[in-house]
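Enquirer: Shown below is the structure under consideration.
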Amino acid sequence: MEPLPHSEPKETGWIEVIAGCMFSGKTEELIRRLRRAQIAKQTVKIFKPKIDNRYSTTAIVSHSDQFLPSILINDINEVFEQSFSAHVIGIDEAQFFSNDIIDVCNKLANQGKRVIVAGLDQDYKGVPFEPMPHLLAIAEYITKTLAICVVCGNPADKTQRKTKSSERVIVGASDIYEARCRKCHYIPDES
């Protein structure tokens, strides 16, 4: 975590949210923070949804090929069973979990754990992607990551879908999505 204008919490837990569009470095930042916690000899547990099998079924993996071993889960409530002794909990791709993640993160932080969550804050239409808005509201620390627009090179905070599907969730990478700025982003014709 970058130096803060105030000291970090002592003797309490907290929630950190890393949000942004695809290809903005969310998972890379999550990995960086979790590695630093491991270097500090803190017990770390990392989780990702089973639906995200793009690069690995045993690790969180950034688009730049950085990775850390993780536990695949179907239901966010499984975190409780597997993180009792952990000091730091990492959760990637939060947008793929149910709204139960809000309660789970609150309970973990209330138990004195540092909870670091990464996920898309908007879907391909630019609509806030639940449950991320709620997590942003309850987090003590928020990091908004930006990508580079592949069309014009401006800072990008939108995820452009390159296919015509109208499903909200389609797991993919550069084969289906690219980063776009506000000016270059459009909602694809879904007909």
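Enquirer: Return only the number of the condition from (1) closer than 16 Å to Val117 by Cβ; (2) crowded, with 18+ Cβ neighbours inside 10 Å that Phe23 does not satisfy.
Expert: Single failed check for Phe23: (1).
Enquirer: Could you list, in sequence order, the residues of segment 54-79 that are modelled with pLDDT under 90 and touching a strand residue (DSSP E or B) at 6+ places or on another chain (Cβ under 8 Å)?
Expert: Initially, segment 54-79 is screened for residues modelled with pLDDT under 90, giving 54-69.
Correct list: Arg54, Tyr55, Ser56, Thr57, Thr58, Ala59, Ile60, Val61, Phe67, Leu68, Pro69.
Enquirer: Let me ask you something else. Only one of Val169, Val117 is aliphatic (A, V, I, L, M) and out of contact with any strand residue (DSSP E or B) (no Cβ under 9 Å at 6 or more places or on another chain); which?
Expert: When all the criteria are applied, what remains is Val169.
Enquirer: Oh, and also: If I ask for residues that are polar (S, T, N, Q) and closer than 12 Å to Ile60 by Cβ, which ones from segment 12-49 would you list?
Expert: Thr27
Enquirer: Which is surrounded by fewer than 22 Cβ atoms within 10 Å (Cβ to Cβ), of a type in the set (D, E, K, R) and either modelled with pLDDT under 95 or in a loop (DSSP other than H, G, I, E, B) (or both), of Lys107, Lys125?
Expert: Going through Lys107, Lys125 in turn, the sole match is Lys125.
Enquirer: Next up: Please tell me if Gly112 is over 24 Å from Cys184 (Cβ atoms), in a loop (DSSP other than H, G, I, E, B) and over 14 Å from the mean Cα position of the chain (by Cα).
Expert: So Gly112 passes the test.
Enquirer: Follow-up. Filter segment 60-90 down to residues that are buried (at least 16 other Cβ atoms within 10 Å of the Cβ) and either in contact with a Pro (Cβ under 9 Å, 6 or more places away or on another chain) or not in a strand (DSSP E or B) (or both), then give me how many there are.
Expert: Count: 12.
Enquirer: Out of Ala179, Ala139, Ala156, Ala118, which single residue is under 19 Å from Thr27 (Cα atoms), surrounded by fewer than 22 Cβ atoms within 10 Å (Cβ to Cβ), touching a residue at least 12 places away in the same chain (Cβ under 8 Å) and out of contact with any Pro (no Cβ under 8 Å at 6 or more places or on another chain)?
Expert: On the way: Ala179 fails: surrounded by fewer than 22 Cβ atoms within 10 Å (Cβ to Cβ); Ala156 fails: surrounded by fewer than 22 Cβ atoms within 10 Å (Cβ to Cβ); Ala118 fails: surrounded by fewer than 22 Cβ atoms within 10 Å (Cβ to Cβ).
On inspection, the qualifying residue turns out to be Ala139.
Enquirer: Pull up segment 32-59, narrow it to residues that are in contact with a Gly (Cβ under 8 Å, 6 or more places away or on another chain) and not in a loop (DSSP other than H, G, I, E, B), then point me to the one that is farthest from Gln122 (Cα to Cα). Please lay out each step first, then the result.
Expert: Of all residues in segment 32-59, those in contact with a Gly (Cβ under 8 Å, 6 or more places away or on another chain) come to 33-34, 44-47, 54.
With not in a loop (DSSP other than H, G, I, E, B) added as a condition, the list becomes 33-34, 44-47.
Numbers: Arg33: 23, Leu34: 24, Val44: 28, Lys45: 26, Ile46: 23, Phe47: 21 Å.
Taking the candidates together, the pick is Val44.
Enquirer: In segment 10-22, which residue that is out of contact with any Asp or Glu (no Cβ under 7 Å at 6 or more places or on another chain) and assigned to a loop (DSSP other than H, G, I, E, B) is modelled with the highest pLDDT?
Expert: Restricting to residues being out of contact with any Asp or Glu (no Cβ under 7 Å at 6 or more places or on another chain) and assigned to a loop (DSSP other than H, G, I, E, B), the top hit is Gly13.
The values are calculated or read from the model by the stated rules, or taken from the named source; none is laboratory data. Bear in mind the structure is a predicted one, so any value in this text is a computation, not a measurement. Glycine also receives a Cβ, built like all others from the backbone with ideal geometry; neighbour counts cover every protein chain displayed.
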